[in-house]
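The structure appears below as C-alpha cells.
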Amino acid sequence: MVCIVEDDPTHLFITKKYLELSGLVENIMIYKNGKEAYEMLKAIFIASKKLPEIILLDLNMPIWDGWQFLDEFIKIPIETNVEIYILTSSTNEDDKERAAEYNLRSNYLIKPITLNEIKSVLDKES
C-alpha cells in the first residue's frame, strides 16, 4: 500500500498513474494536505489497521505542509516500517538539508517523478 500526500492535481495524476503501471501496488491512499494525511493515518494506527509501507510526501501544500506532517507523524509510536519519500518540486538546498534532519536526504525526489523512479522506490521497499 502506498500513500500519496499531494495537492497538485497534475503531479497527483502522474504519480498515481505510474504506481498503477508498475503493477506492484494494490492500494493507493490519497490525501490533499499534511493535516488530512496525518489525521487519517493516525486513525488507522489507533484502529490497529494496516498502514501504508510507503508515503510519497509533497512539501509545499496548503493547511499543513510536508514539514508539519513530518513533525507530527514521527511522534506516532509506529513499530512497522513506513518509508517516507519526499516528492517535491523544490531543488532548494535548505529543503534538502532539512530532509537530512529527518534522515530523508536519500529519499528526496524531485517532481515530476518518472516511472523508473517509482519502480526503483517500490523495488527497494519490497
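Work out how much length Met1 to Lys49 would gain on full extension: take 0.36 nm times their residue separation and subtract the Cα-Cα distance, in nm to one decimal.
Between Met1 and Lys49, full extension yields 16.1 nm more.
Holding the Cα-Cα limit at 20 Å, pick out from Lys17/Lys42; Lys49/Lys75; Lys35/Lys124; Lys35/Lys75; Lys17/Lys119; Lys32/Lys111 the pairs that are longer than that.
From the list (Lys17/Lys42; Lys49/Lys75; Lys35/Lys124; Lys35/Lys75; Lys17/Lys119; Lys32/Lys111), the Cα-Cα distance tops 20 Å for Lys17/Lys42; Lys35/Lys124.
Given a 1.4 angstrom probe, what's the average accessible area per residue across the stretch 1-86, in square angstrom?
52 Å²
According to a simple spin-label model (label point 7 Å from Cα along Cα-to-Cβ), what is the distance in nm between Glu79 and Lys42?
2.1 nm
I need to check one value: relative contact order of the stretch 1-56, counting alpha carbon pairs closer than 8 Å and at least 6 residues apart, in percent.
That works out to 53 percent.
Taking the DSSP beta bridges in the chain as the whole, what percent of them are antiparallel, to the nearest 5?
Counting DSSP beta bridges with both partners in the chain, the antiparallel share is about 0 percent.
Quote the convex hull volume per residue of the stretch 50-107, based on C-alpha atoms, as a whole number of Å³.
Convex hull volume per residue, Cα atoms: 90 Å³.
Within the stretch 13-126, what whole-number % of the accessible surface is contributed by carbon and sulfur, with the 1.4 Å probe and all protein chains included in the calculation?
Carbon-and-sulfur percentage of accessible area, whole number: 49.
What is the dipole size for the chain, taken about its Cα centre, with +1 at each Lys and Arg Cβ and -1 at each Asp and Glu Cβ, in debye to the nearest 20?
300 debye
The values are calculated or read from the model by the stated rules, or taken from the named source; none is laboratory data. Since this is a predicted model, take the numbers as computed values, not measurements. Neighbour counts are summed over all protein chains in view; Cβ atoms, including those assigned to glycine, are modelled from backbone coordinates with ideal geometry. Ligands, DNA and RNA are stripped out before the accessible areas are found, and what is left, the full protein with its side chains, is counted by its heavy atoms. Shrake-Rupley method; radii C 1.70, N 1.55, O 1.52, S 1.80 Å.
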